[in-house]
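What follows is one structure encoded as structure tokens, with my remarks underneath.
The values are calculated or read from the model by the stated rules, or taken from the named source; none is laboratory data. Because the structure is a prediction, the values reported are computed rather than measured. Note that we place each Cβ from the backbone using ideal geometry, even for glycine, and neighbour counts take in every protein chain shown.
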Amino acid sequence: MPKVEVQKIYKVFGPAPKQILPLLEKGEDKAGILKRHKHSVGVNNVSFAVEEGEIFVIMGLSGSGKSTLIRCLNRLIEPTGGNILIDGQNITEMSAAELREVRRKKVAMVFQNFALLPHKTVLENVAFGLEIQKAGLEMRRQKAEEMLEIVGLKGYENAKPQELSGGMQQRVGLARALAIEGDILLMDEAFSALDPLIRKDMQNELLSLQQKMKKTIIFITHDLDEALKIGDRIAIMKDGRIVQTGTAEEILQNPADDYVRAFIQDVNRSKIITAAAIMRNAEAIILEKAGIRTAARKMKDLGISSIFVTNKSGVLQGIVTIDRVSSLIKEGKEELESIIDKNIETISLETLIDEIIPLFLNTGYPIAVVDEEKRLKGVVFKSTVLAGIAGEGGENNA
Amino acid sequence: MLNAKLPLGVHVESAIDWMTANFAGFFSVIRKGLLGIIESIDWVLSAIPLFVFIVAVVFLAWWVAGRGTAIFTAVGLLLINNLGLWGKMLLTLSMVSTATLIALVVGLPLGILMAKNGTANKIIRPVLDFMQTMPAFVYLIPAVYFFDLGEVPGTVATIIFAMPPVVRLTNLGIRQVPEDVVEAARAFGSTPAQLLFKVQMPLAVPTIMAGLNQTIMLSLSMVVISAMIGADGLGKTVYEGITQMNIGKGFEGGLAVVILAMLLDRITQCLGSEQKKSGKNFVRNRMERRRAHS
Ligand SMILES: Nc1ncnc2c1ncn2[C@@H]1O[C@H](COP(=O)(O)OP(=O)(O)OP(=O)(O)O)[C@@H](O)[C@H]1O
Ligand SMILES: [Mg+2]
């Protein structure tokens with residue numbers, strides 16, 4: 001069951017919105033409705049489903065209905081028609097009290113302009129959702145402190161939001177949303193008000209938080225780079241409709257129409273697509289467990305000429321080649337460690353294709369992809385890079 | 001036909017007659033209640049020893065506004081006492097306090113109602129305009145009809161005359177709360193009451209305070225005028241000065257009113273906002289410096 005399921009949602013603004021629905025169903029478009037019937041169409045027959053733990057990005061030009069759509073999900077804006085299911089429960093049929101319960105416990109929101117309470121301290125702001133739930137003072141303080149630590153704002157508990165920079169204020173906004181420990185985060189252009197460097201930081205931070213927390217995130221942006229970077233799947237909106245839904249690669253490769261094509265035309269794939277997106281599963285042998293013979297057998301089975309070596313916890317040690325393994329065996333020696341080539345190129349999950357290409361000039365080996373702790377995550381071959389530029393995704397995106 | 005005067009005045013008169021006849025009990029209850037409040041406040045204020053009173057007010061002035069206001073307060077209050085107007089000043093203050101209190105009790109909910117309900121807003125707004133622009137003296141006449149002479153009709157007229165700013169600025173203050181903050185409160189599951197008391201009212205406080213300040217100032221001016229219908233207090237001194245052609249007396253009374261007005265104005269103005277030079281800030285800075293040193 002999807003975590004969030006949106007079924008045929010409409011939102012029409014104006015004096016008699018219900019009467020506009022049949023016209024929309026007949027296929028009249030936003031411009032026509034505005035001209036002939038003086039109603040403004042915010043969302044026009046939108047359906048999608050978001051799986052648990054997924055980051056679903058909605059993008060589109062200004063006025064395409066993104067904010068209206070995301071506000072329908074927790075009924076800050078009352079949809080004119082359609083159903084919204086969260087964990088299978090129909091939000092659109094709930095009473096005010098039931099809806100409040102969902103907003104308190106399940107669905108948290110982060111806003112473009114932070115929307116912090118200026119009369120409360122940072123700590124009180126983070127605890128706001130819990131205060132609304134009438135949680136005890138001590139519990140509120142504890143939870144809020146924990147969340148501030150997570151977003152890296154420890155020590156700012158007693159500051160007022162106005163005293164913080166934009167990036168820090170949005171961390172407070174994020175902490176406030178995390179504090180209620182709901183499963184779903186709605187983020188409406190949450191990073192759009194931040195300058196580019198801070199924005200990148202926040203994107204990375206969101207991604208690393210997401211690795212730990214596994215929330216279901218619906219994220220709005222009008223920035224394609226942001227969408228490609230953080231979205232597991234992306235929906236592109238135009239005039240209140242979704243014109244295409246898919247992964248970044250799917251959209252880059254098969255744009256549904258000229259609108260989408262115009263959207264992505266400036267994308268330099270090599271500047272967008274990262275090692276994480278194109279890398280293949282890396283075969284490796286474990287130093288403590290495997291001997292020289294295992295290494296030889298594994299390379300032979302896989303038909304490859306070199307293999308990475310890691311330690312027990314997956315930390316990359318280097319690479320061994322079939323040639324050196326064979327000569328070692330011929331010499332009758334056993335120490336795998338002595339033939340490991342430790343001087344190899346590694347890249348991180350975020351390294352762009354653009355930065356990977358020159359590395360192949362200096363090395364004959366495939367390039368290892370490692371995380372911050374130097375644990376082996378994947379491998380990039382020359383051929384994968386070319387495929388990445390051409391728009392074919394990797395076989396695994398782990 | 002066009003020259004015939006509409007009998008508006010006659011109708012108002014008969015309506016008032018009818019009300020005096022039919023609601024006499026109601027008016028007498030209100031009369032007793034108001035008198036009770038005014039007299040209790042006056043009694044409490046008079047019971048405070050002069051010296052203690054002055055020190056307390058001077059401290060308050062320093063705490064919220066700063067040294068300048070504190071010095072002015074000390075000099076002003078001593079002067080009023082020196083002129084022999086202390087008791088009258090206290091009575092005036094009691095009437096102002098009573099009128100302001102009731103204006104708040106009635107005005108705050110009205111302002112909230114206006115902010116939350118478009119229809120209420122449309123109805124109340126012109127009524128407020130009417131209340132505020134009608135010359136103040138006009139309220140004195142029906143007030144006398146219903147409540148006899150003295151402090152009570154004076155206070156009633158004052159309440160009507162002075163209430164609009166509280167209502168208006170409560171409404172404005174709530175409407176001024178940024179839309180996205182309200183949205184955030186709703187998104188986290190606030191009930192309408194939580195939204196009002198945890199978000200909108202706290203953020204409206206500075207604006208409401210500005211309204212309260214205006215209301216107090218209007219109250220004071222009206223309380224003075226109500227000497228014309230027999231209310232005692234500083235107004236009476238001024239009024240006697242006028243009727244007896246006694247310039248000195250009129251001036252002394254007027255000066256006391258001005259001092260009281262400035263005091264109330266400065267102190268209430270600073271209540272809603274942070275004052276850099278206030279004693280509150282002085283103490284806070286001192287403490288922070290000491291903490292930084294240790
Ligand atoms: N309260 C409203 N009354 C009338 N029309 C509205 C209202 N809110 C939104 N709309 C209309 O709905 C459409 C979608 O607006 P929306 O704010 O959802 O766009 P958006 O994609 O979020 O744009 P942006 O990128 O500028 O935030 C617009 O045409 C807008 O004019
Ligand atoms: Mg928007």
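Which residues, counting only those in segment A:122-142, are in a helix (DSSP H, G or I) and within 14 Å of chain B (Cβ to nearest Cβ)?
Across segment A:122-142, the qualifying residues are A:Glu124, A:Asn125, A:Val126, A:Phe128, A:Gly129, A:Leu130, A:Glu131, A:Ile132, A:Arg140.
Quick one: how many residues across segment A:28-60 are out of contact with any Asp or Glu (no Cβ under 9 Å at 6 or more places or on another chain) and among the hydrophobic types (A, V, I, L, M, F, W, C)?
5
For every residue, the table says whether it meets (1) within 13 Å of chain B (Cβ to nearest Cβ); (2) part of a loop (DSSP other than H, G, I, E, B).
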site: A:Arg176; (1), (2): yes, no
site: A:Gly182; (1), (2): yes, yes
site: A:Leu185; (1), (2): yes, no
site: A:Lys200; (1), (2): no, no
site: A:Leu207; (1), (2): no, no
site: A:Gln210; (1), (2): no, no
site: A:Ala227; (1), (2): no, no
site: A:Thr245; (1), (2): no, no
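Determine the pairs where a residue that is part of a helix (DSSP H, G or I), located within segment A:56-73, has a partner that is near ligand 1 (Cβ under 6 Å from one of its atoms) with Cβ atoms under 6 Å apart, the partner being 6 or more residues away or on another chain.
Going by the 6 Å Cβ cut-off, the qualifying pairs are A:Lys66/A:Gly60; A:Thr68/A:Gly42.
If we scan segment A:98-114, do we find a residue that is in a loop (DSSP other than H, G, I, E, B), touching a Pro at 6+ places or on another chain (Cβ under 9 Å), within 29 Å of A:Asp195 (Cβ to Cβ) and facing chain B (nearest Cβ under 10 Å)?
yes
Can you tell me which of (1) more than 20 Å from A:Val243 (Cα to Cα); (2) outside the structural domain of A:Gly246 (by TED's automatic domain parsing); (3) of a type outside the set (S, T, N, Q); (4) within 16 Å of ligand 1 (Cβ to nearest atom) is the one A:Met109 doesn't meet?
Tallying (1) more than 20 Å from A:Val243 (Cα to Cα); (2) outside the structural domain of A:Gly246 (by TED's automatic domain parsing); (3) of a type outside the set (S, T, N, Q); (4) within 16 Å of ligand 1 (Cβ to nearest atom), A:Met109 fails exactly one: (2).
A:Leu34 fails exactly one of the following numbered conditions: (1) away from ligand 2 (no atom under 16 Å from the Cβ); (2) at pLDDT 95 or above; (3) among the hydrophobic types (A, V, I, L, M, F, W, C). What is the number of that condition?
Checking A:Leu34 against (1) away from ligand 2 (no atom under 16 Å from the Cβ); (2) at pLDDT 95 or above; (3) among the hydrophobic types (A, V, I, L, M, F, W, C), the one that fails is (2).
Residues that are of a type in the set (Gly, Ala, Ser), more than 24 Å from B:Ala136 (Cβ to Cβ) and modelled with pLDDT of 90 or more, at least 1 per element: which helices (runs of 4 or more DSSP H) completely within segment B:149-257 meet that?
Correct list: B:164-176, B:179-187, B:201-225.
So A:Asn45 fits all but one of (1) away from ligand 1 (no atom under 12 Å from the Cβ); (2) crowded, with 16+ Cβ neighbours inside 10 Å; (3) outside any strand (DSSP E or B); (4) touching a residue at least 12 places away in the same chain (Cβ under 8 Å); what number is the exception?
(3)
Checking A:Val151 against (1) under 28 Å from A:Asn204 (Cβ atoms); (2) out of contact with any Gly (no Cβ under 7 Å at 6 or more places or on another chain); (3) within 13 Å of chain B (Cβ to nearest Cβ); (4) among the β-branched types (Val, Ile, Thr), which test does it fail?
With respect to (1) under 28 Å from A:Asn204 (Cβ atoms); (2) out of contact with any Gly (no Cβ under 7 Å at 6 or more places or on another chain); (3) within 13 Å of chain B (Cβ to nearest Cβ); (4) among the β-branched types (Val, Ile, Thr), A:Val151 is out only on (3).
Could you check segment A:49-89 and list, in sequence order, the residues that are near ligand 1 (Cβ under 9 Å from one of its atoms) and within 14 Å of chain B (Cβ to nearest Cβ)?
A:Ser67, A:Thr68, A:Ile70, A:Arg71, A:Ile77
Test A:Ile319 against the stated conditions and say whether it is out of contact with any Leu (no Cβ under 8 Å at 6 or more places or on another chain) and in contact (Cβ under 8 Å) with a residue 40 or more places away in the chain.
yes
Which one of the conditions (1) part of a loop (DSSP other than H, G, I, E, B); (2) surrounded by 18 or more Cβ atoms within 10 Å (Cβ to Cβ); (3) not aromatic (Phe, Trp, Tyr) does B:Lys5 fail to meet, given that it meets all the rest?
Status for B:Lys5: all satisfied but (2).
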